[in-house]
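Okay, so here's the structure we're looking at.
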Amino acid sequence: MAHRVLHFISDFFVYETAKSVVVKSWSVGIINRIVQLLIILYFICWVFMHEKGHQLRDTGIESAVMTKVKGLGKFNNRVMDVADYVVPSQGGSSFSVITSMIITANQTQGRCPETDDKFNCTTDDDCMENLGSNLGNGIITGTCLNNINGTTGQCEIEGWCPAENDKVSEKPMREVENFTIFIKNSIRFPLFNVTRGNFPSSLNQPYIQRCHYDPVDHPFCPVFKVGDILRHINQSLDSITDKGGEIGININWKCNLDYNVMHCNPKYFFTRLDAAFENSMASKGYNFRFAKYYQSEDGTERRTLHKAKAIRFEIIVSGNAGKFNTVPFLINLVAAFTSVGLATVFCDIILLNFHKGADEYKAKKFEEVSGVVSESANNRLYEGSQMSIKALEKSSNDSGTFSIGRQELHSPSKQ
């Protein structure tokens with residue numbers, strides 16, 4: 001046990017130093033330079049040019065969004081304006097444009113038959129099984145109505161009557177394709193105290209009133225036509241107005257502040273956010289309900305219930321900004337110089353394991369020297385080293401460098 005401990009301690013307290021061996025081999029030399037070149041190109045092209053590794057980046061973007069929808073449509077023989085089809089009306093970053101509605105008018109509190117087929121019945125016992133269900137339009141009372149002579153009836157509910165019948169189909173408002181969305185977005189990068197807007201202040205009102213966003217012809221126009229957005233995401237009007245849907249408008253700010261701040265402008269991307277559920281049988285599209293309450297002349301509280309199918313728009317703002325900074329530049333520069341040394345490791349693996357002269361290279365590269373050497377042994381070691389060097393050495397740059405000729409890394413020829 002003591003011998004093992006002593007052996008461990010002696011192995012632990014050793015010192016290793018580098019020994020230079022010059023290998024004059026065309027194949028290994030070419031591989032070494034190619035690997036070094038690839039590493040340098042990686043850092044120049046990817047780290048510094050693409051990833052901007054020399055810059056300090058600010059990803060904590062601060063943003064404010066204001067929206068305004070314009071357009072007139074016709075639904076169910078009624079002209080619809082912005083106040084009718086935009087919910088909510090405050091003009092925030094998330095809003096819905098209603099394309100069709102199922103309207104149940106003059107509802108009052110009372111009891112009436114359910115309209116959903118799930119609550120069909122022939123006896124009261126059928127309705128008793130649905131007590132406590134929250135899938136209907138009201139509270140199930142347990143009574144079966146309209147079941148004359150054993151025919152199928154409907155369970156009675158207590159709530160707002162008459163109950164909504166959402167099986168009614170209404171033609172959507174097709175004018176929604178021509179509606180426009182005005183987006184005003186202001187952002188700030190707090191690290192650099194840079195504030196920008198999604199359109200330049202030089203744009204005048206007449207231009208904004210007649211322009212529509214186009215990535216080539218009108219990249220700074222803040223007015224987006226709904227039909228153009230649908231074409232960007234490869235969706236037809238019928239595919240989204242029938243059941244509703246969700247569309248994302250991504251405003252992406254990626255600014256290089258090493259240039260003039262006037263070049264810091266956004267890019268727009270469009271996507272259908274509910275694409276994962278486009279073919280779902282359980283839940284497809286987007287709809288919601290809202291009610292308008294009023295009081296009749298006799299004092300009875302009444303309401304008009306609306307089930308709306310709509311296109312929901314989400315304005316998503318993302319981005320980052322970068323500017324030259326000494327610290328990340330030096331960190332990546334040192335990493336680049338250090339990584340160039342990987343070429344040496346790669347070539348060592350080839351020379352030690354796959355090259356014909358691997359044994360000779362090992363003998364030159366690794367040498368173990370004891371900590372206590374007598375003077376006579378030291379002289380013999382010196383003389384032996386000198387003879388070995390003279391026999392094998394082609395050229396030597398300094399006292400710590402060995403040079404192995406090209407022919408020495410090949411198998412010796414037959415005498």
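For the reader, a short list of remarks on this structure follows.
- The numbered conditions (1) within 25 Å of the chain's Cα centre (by Cα); (2) within 21 Å of T59 (Cβ to Cβ); (3) open to solvent by 20 Å² or more (accessible area, probe 1.4 Å) are all true for V261 except (1).
- Every residue from region 241-260 that is part of a loop (DSSP other than H, G, I, E, B) and among the acidic types (D, E): D242, D258
- Contact map, region 172-185: residues that are farther than 15 Å from D81 by Cα paired with residues that are among the aliphatic types (A, V, I, L, M), Cβ distance under 6 Å, separation 6+ or inter-chain. Pairs shown: F182/V223; K184/M66; N185/V65; N185/I251.
- Here I183 fulfils each of the conditions (1) under 27 Å from the mean Cα position of the chain (by Cα); (2) among the β-branched types (V, I, T); (3) surrounded by fewer than 17 Cβ atoms within 10 Å (Cβ to Cβ) apart from (3).
- Test: residue in region 308-331 that is out of contact with any Ser or Thr (no Cβ under 7 Å at 6 or more places or on another chain), open to solvent by less than 30 Å² (accessible area, probe 1.4 Å), part of a strand (DSSP E or B) and under 30 Å from G110 (Cβ atoms): yes
- Pair list, Cβ < 8 Å and 6+ apart or interchain, from region 203-217 residues that are within 22 Å of F269 (Cα to Cα) to residues that are modelled with pLDDT of 90 or more and acidic (D, E): H212/D228; Y213/D228; D214/D228
- Of all residues in region 56-78, one or more are assigned to a strand (DSSP E or B), small (G, A, S), in contact with a strand residue (DSSP E or B) (Cβ under 6 Å, 6 or more places away or on another chain) and over 29 Å from T195 (Cα atoms).
- Pick from region 278-304, criterion under 19 Å from I98 (Cα atoms) and either outside any loop (DSSP other than H, G, I, E, B) or hydrophobic (A, V, I, L, M, F, W, C) (or both), ranking: farthest from the chain's Cα centre (by Cα): T304
- Among the residues listed as H50, H54, the single one being at negative phi and open to solvent by less than 70 Å² (accessible area, probe 1.4 Å): H54
- Pairing residues of region 280-291 that are more than 14 Å from T104 (Cα to Cα) with residues that are open to solvent by 80 Å² or more (accessible area, probe 1.4 Å), at Cβ distances under 7 Å and at least 6 apart in sequence or on separate chains, gives S283/F277; K284/K243; K284/F277; G285/K243.
- Count - residues of region 38-71 that are out of contact with any helix residue (DSSP H, G or I) (no Cβ under 9 Å at 6 or more places or on another chain) and hydrophobic (A, V, I, L, M, F, W, C): 8
- Near pairs, Cβ below 8 angstrom, 6+ apart or cross-chain, from region 118-134 (free of Cβ contacts under 8 Å to residues at least 40 places away in the same chain and within 12 Å of E156 (Cα to Cα)) to any residue that is of a type in the set (D, E) and crowded, with 17+ Cβ neighbours inside 10 Å: N120/D126; C127/E156
- Residue list for region 80-100, restricted to those being among the aliphatic types (A, V, I, L, M), under 17 Å from E177 (Cβ atoms) and in a strand (DSSP E or B): M80, V86, V97, I98
- Residue in region 129-141 that is assigned to a strand (DSSP E or B), closer than 30 Å to L230 by Cα and open to solvent by 70 Å² or more (accessible area, probe 1.4 Å) present: no
- Region 349-364, subset open to solvent by less than 30 Å² (accessible area, probe 1.4 Å) and touching a residue at least 12 places away in the same chain (Cβ under 8 Å), residue nearest to the chain's Cα centre (by Cα): L351
- Residue in region 23-44 that is farther than 30 Å from H355 by Cα, open to solvent by 50 Å² or more (accessible area, probe 1.4 Å) and out of contact with any strand residue (DSSP E or B) (no Cβ under 8 Å at 6 or more places or on another chain) present: yes
- Scanning region 112-124 for any residue that is open to solvent by less than 70 Å² (accessible area, probe 1.4 Å), closer than 30 Å to I311 by Cβ and not acidic (D, E) turns up at least one such residue.
- Within region 97-105, not a single residue is among the hydroxyl-bearing types (S, T, Y), over 30 Å from D238 (Cα atoms) and either open to solvent by less than 60 Å² (accessible area, probe 1.4 Å) or more than 37 Å from the chain's Cα centre (by Cα) (or both).
- Residue match in region 201-213 (condition: of a type in the set (A, V, I, L, M, F, W, C), under 25 Å from the mean Cα position of the chain (by Cα) and open to solvent by 20 Å² or more (accessible area, probe 1.4 Å)): no
- Within region 165-178, being crowded, with 21+ Cβ neighbours inside 10 Å and not in a helix (DSSP H, G or I) holds for P172, M173.
The values are calculated or read from the model by the stated rules, or taken from the named source; none is laboratory data. If you're wondering where the values come from, they're calculated on a predicted model, not measured in any experiment. Ideal geometry is used to build each Cβ from the backbone, glycine not excepted, and the neighbour counts take in all protein chains shown. Surface accessibility is based on the protein's heavy atoms, side chains included, excluding ligands, DNA and RNA. Shrake-Rupley method; radii C 1.70, N 1.55, O 1.52, S 1.80 Å.
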